[in-house]
Amino acid sequence: MAPEQATRRAQRPCILVSNDDGYLSEGLRALVEALEDQGEVVVVAPETEQSAASHAISLHRPLRLRKLRPGWYAVDGTPTDCSYLALNHVLKRKPPQLMVSGINHGPNLADDVTYSGTVAAAMEASMLGVPAIAVSLATRDEFEFGAAARFARSLVQAALALPLPRRMLLNVNVPAGADPDEYTVTRLGKHSYGSDVIEKVDPRGRKYYWIGGSEYQHEDIPGSDCNAVYRESRISVTPLQLDLTDPALREGLIRWSLRGFRHSPPADLVSL
């Protein structure tokens, strides 16, 4: 490699890419192809599908890291394991400027973010100090990733041009069946898949259960990610935060009286 080429390559930003659908998924390939001209893309993704793995991390068994080809690695673990290994091992000497997870085969709206492996991979990167974006295609069929990939490229391009908070975490959902040219910055909505529990019996007479529900409904909340995607056919971008503290409930909880225990006022709320 010529010296000037080596210099240009060294100056390109490093972008970590992962997902929860596995390293063979079409959504991952579409995302990588869209980002290749934005920087040096390094893929560290699960060996197999890890949908709904949430933020699980493997602490009680060893992990296998397999190099598939230059810049591509597979991990026999969860999406969180992938981000952890990528940032603390694979890219330890060259930390990425940005992490992008996706493109997920299905939506990650509202409460989905607490179950999603796609969001968890981005969340782990954010916790480790790398700004992160999770991208999902909001459909259960007809997985055409072109529009989601184009938006991801545009968002990454904008992000790389700005000084970003180290713990930035964005959750993107792209409506399917169209090529939207509008996006909106949203809040998390509320939805439900129902509460069905299906009981069956295996050949040995033991009961087993399928859970998860199959009846989708979302609340009509203006400004929410659900409304943006399903009612307005717009791309939704939701900034997330890792501090789950409920300030209002905290202030009320301070006023509780517990028999046999004395309350010590929090240092940041000494006036209450």
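Structural remarks
- Scan of the stretch 100-111 for residues that are more than 10 Å from the chain's Cα centre (by Cα) and over 16 Å from E49 (Cα atoms), ordered by number: L109, A110, D111
- Single unsatisfied condition, Q50 versus (1) out of contact with any strand residue (DSSP E or B) (no Cβ under 6 Å at 6 or more places or on another chain); (2) of a type in the set (S, T, N, Q); (3) touching a residue at least 24 places away in the same chain (Cβ under 8 Å); (4) in a helix (DSSP H, G or I): (4)
- When the stretch 127-155 is filtered for residues that are more than 10 Å from the chain's Cα centre (by Cα), hydroxyl-bearing (S, T, Y) and either modelled with pLDDT under 95 or open to solvent by less than 10 Å² (accessible area, probe 1.4 Å) (or both), only T139 remains.
- Filtering the stretch 35-79 to residues that are closer than 12 Å to Y23 by Cα, open to solvent by less than 30 Å² (accessible area, probe 1.4 Å) and at pLDDT below 95 leaves nothing.
- Search result, residues across the stretch 234-262 that are open to solvent by less than 70 Å² (accessible area, probe 1.4 Å) and in contact with a strand residue (DSSP E or B) (Cβ under 8 Å, 6 or more places away or on another chain): I235, S236, V237, T238, L240, L242
- Within the stretch 80-107, the set of residues being of a type in the set (V, I, T) and either buried (at least 24 other Cβ atoms within 10 Å of the Cβ) or touching a Cys at 6+ places or on another chain (Cβ under 8 Å) (or both) comprises T80, V100, I103.
- Within the option set Y216, Y183, Y193, Y230, being in contact with a helix residue (DSSP H, G or I) (Cβ under 8 Å, 6 or more places away or on another chain) and within 21 Å of D112 (Cα to Cα) holds for one residue only, Y183.
- In the stretch 20-27 there is at least one residue that is in contact with a Phe, Trp or Tyr (Cβ under 8 Å, 6 or more places away or on another chain), in contact (Cβ under 8 Å) with a residue 60 or more places away in the chain, more than 23 Å from P163 (Cβ to Cβ) and not aromatic (F, W, Y).
- Strands (runs of 3 or more DSSP E) wholly inside the stretch 99-218 containing at least 2 residues that are under 17 Å from L242 (Cβ atoms), touching a residue at least 60 places away in the same chain (Cβ under 8 Å) and aliphatic (A, V, I, L, M): 169-175
- Restricted to the stretch 219-233, and to residues there that are touching a Gly at 6+ places or on another chain (Cβ under 7 Å) and either free of Cβ contacts under 8 Å to residues at least 24 places away in the same chain or under 21 Å from M168 (Cα atoms) (or both), the residue that is surrounded by the most Cβ atoms within 10 Å (Cβ to Cβ) is D225.
- The stretch 243-272, subset part of a loop (DSSP other than H, G, I, E, B) and among the aliphatic types (A, V, I, L, M), residue nearest to L169 (Cα to Cα): L244
The values are calculated or read from the model by the stated rules, or taken from the named source; none is laboratory data. Keep in mind it's a predicted model, so treat the numbers as computed, not measured. All Cβ positions, even for glycine, are placed from backbone atoms using ideal geometry, and neighbour counts span all protein chains on display. When the accessible area is computed, the model is the full protein with side chains, heavy atoms only, and any ligands, DNA or RNA have been set aside. Shrake-Rupley method; radii C 1.70, N 1.55, O 1.52, S 1.80 Å.
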